[in-house]
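Enquirer: This is the structure, below, for whatever I ask next.
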Amino acid sequence: MKGSSDARCCWSMTLEAVKQCAPQWVIVENVRHCPAEQWSDDLRSAGYAHVTHRQLNCADYGLPQKRIRSFIVAGQQPYQWPMQTHCSSEEVLQIAAGLQPWRSMVQALDLQRVTCHHPAPTITTAESQGLGSQHVRRWLYRHTGLKRFTLQQCQTLQGFPDDYVLMGSSNKRYHQLGNAVPPVMASLLVKALT
């Protein structure tokens, strides 16, 4: 875990922008191993009275992808996190309590002759080369016959509409999708502000 020392980390610039603009609310999303506690302390020092952070699995909110990310919300009032809407099919008691089963990648991508009933693995910035780890690439091939997801499949698994336009080369568009906050998560987190 590199955290703030990672050259790709833009936290210092983000914090500076927050200090200069002083928005009423701040929502931060990053990989699950980011230094969320440190960043929360930085936001408190910047004048936010209520700062909270959690790791959320986007599959628990209807995205057909297991995407666990850290979220930080800062404001002058307490924040009420959105309620989980989905769970794994193994969590029978939660399904009985009204949660829906996770959406599978088969449902989302309308794959024929595929019997995998799990959400897709996390879409990453390295998608153009195939999924990150060798373990995940083997899993994908074993369950779907795919060596990697297409751009359109990544877009669907991230929850973007089919007509959403990405710019740049194929690699740049894969990179944009791997870095994106899924719209369903952004929408849920923002709606919980009101």
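Enquirer: What's the angle, to the nearest 10 degrees (0 to 90), between helix 134-144's Cα axis and the longest principal axis of the chain?
Expert: Around 50 degrees separate the two axes.
Enquirer: I want the local charge near Glu29. Using Cβ-Cβ distances under 12 Å, sum +1 for each Lys or Arg and -1 for each Asp or Glu among the other residues. Kindly include the intermediate steps, with their values, before the conclusion.
Expert: Values: positive: Arg32, Arg54, Arg67, Arg69; negative: none.
For residues surrounding Glu29, the net value is +4.
Enquirer: Separate question: If I build a Gaussian network model for the chain, linking alpha-carbon pairs within less than 10 angstrom, which residue out of Cys21, Cys34, Cys58 has the largest mean-square fluctuation?
Expert: Cys21
Enquirer: If I compute solvent accessible area with a 1.4 Å probe over the protein chains, what percent of it on the range 1-121 is carbon and sulfur? Display every interim value, and only then the final one.
Expert: Values: 3580 of 7030 Å².
Here it works out to 51 percent.
Enquirer: For the chain, modelled as a Gaussian network with Cα springs under 10 Å, which listed residue fluctuates most, Pro119, Pro182, Pro82?
Expert: Residue with maximal mean-square fluctuation among Pro119, Pro182, Pro82: Pro82.
Enquirer: Hey, another quick one. Once both axes come from the Cα atoms, what is the angle between helix 170-179 and the longest principal axis of the chain, in degrees from 0 to 90, rounded to 10?
Expert: Around 60 degrees separate the two axes.
Enquirer: If you roll a 1.4 Å probe over the heavy atoms of the protein chains, what accessible area per residue do you get for the chain, in Å²? Write out the running numbers ahead of the final one.
Expert: Numbers: 11220 Å² over 194 residues.
For the chain, the solvent-accessible area averages 58 Å² per residue.
Enquirer: Follow-up question, since we're still on this one. If you take the C-alpha gyration tensor of the chain, multiply each eigenvalue by 5 and take the square root, what semi-axes do you get, largest first, in whole Å?
Expert: Working: eigenvalues 186, 91, 42 Å².
The answer is 31, 21, 15 Å, longest axis first.
Enquirer: Between the range 55-134 and the range 178-194, what is the separation of their alpha carbon centroids in Å?
Expert: About 13 Å separates the Cα centre of the range 55-134 from the one of the range 178-194.
Enquirer: OK, next. Taking R0 as 45 Å, what FRET efficiency do you get between Val165 and Gln20 from their Cβ-Cβ distance, rounded to the nearest 0.05? Before the final figure, lay out the partial values.
Expert: Values: r = 30 Å, r/R0 = 0.68.
Using R0 = 45 Å, I get an efficiency of 0.90.
Enquirer: In a shell of Cβ-Cβ distance under 11 Å around Cys58, excluding Cys58 itself, what net charge do Lys and Arg (+1) and Asp and Glu (-1) give?
Expert: Numbers: positive: Lys66, Arg67, Arg69, Arg103; negative: Glu29, Asp60.
Local charge sum for Cys58: +2.
Enquirer: Roughly how much of His53 is accessible, in Å² to the nearest 10, using a 1.4 Å probe?
Expert: Accessible surface of His53 is approximately 70 Å².
Enquirer: Related question: What chymotrypsin sites (Phe, Trp or Tyr not before Pro) in the range 134-173 are in a loop by DSSP, with at most 13 other Cβ atoms within 10 Å of the Cβ? Don't skip to the end; give the middle numbers.
Expert: Working: sites: Trp139, Tyr141, Phe149, Tyr164; in loops: Phe149, Tyr164.
Answer by residue number: Tyr164.
Enquirer: For the range 1-126, what does the relative contact order come out to in percent, with C-alpha contacts under 8 Å and a separation of six or more? Don't skip to the answer; put the middle values down first.
Expert: Working: 200 pairs, mean separation 27.2, N = 126.
Normalised by residue count, the contact order of the range 1-126 is 22 percent.
Enquirer: Once you have the Cα-Cα distance between Asn179 and Ser89, take 0.36 nm times their residue separation minus that, and quote the gain in nm to one decimal. Let's see the in-between values first.
Expert: Working: separation 90, 0.36 × 90 = 32.40 nm, distance 2.78 nm.
This chain segment gains 29.6 nm when fully extended.
Enquirer: In nm, to one decimal, how far is the Ser187 label point from the His117 one, both placed 7 Å along Cα→Cβ?
Expert: Here the modelled spin labels are 2.6 nm apart.
Enquirer: Helix 36-45: angle to the longest alpha-carbon principal axis of the chain, degrees 0 to 90, nearest 10?
Expert: Approximately 30 degrees, to the nearest 10.
The values are calculated or read from the model by the stated rules, or taken from the named source; none is laboratory data. These figures come from a predicted structure and were not determined experimentally. So basically every Cβ, Gly included, is an ideal-geometry build from the backbone, and we count neighbours across all protein chains shown. Side chains included, ligands, DNA and RNA excluded: accessible areas come from the protein's heavy atoms. Shrake-Rupley method; radii C 1.70, N 1.55, O 1.52, S 1.80 Å.
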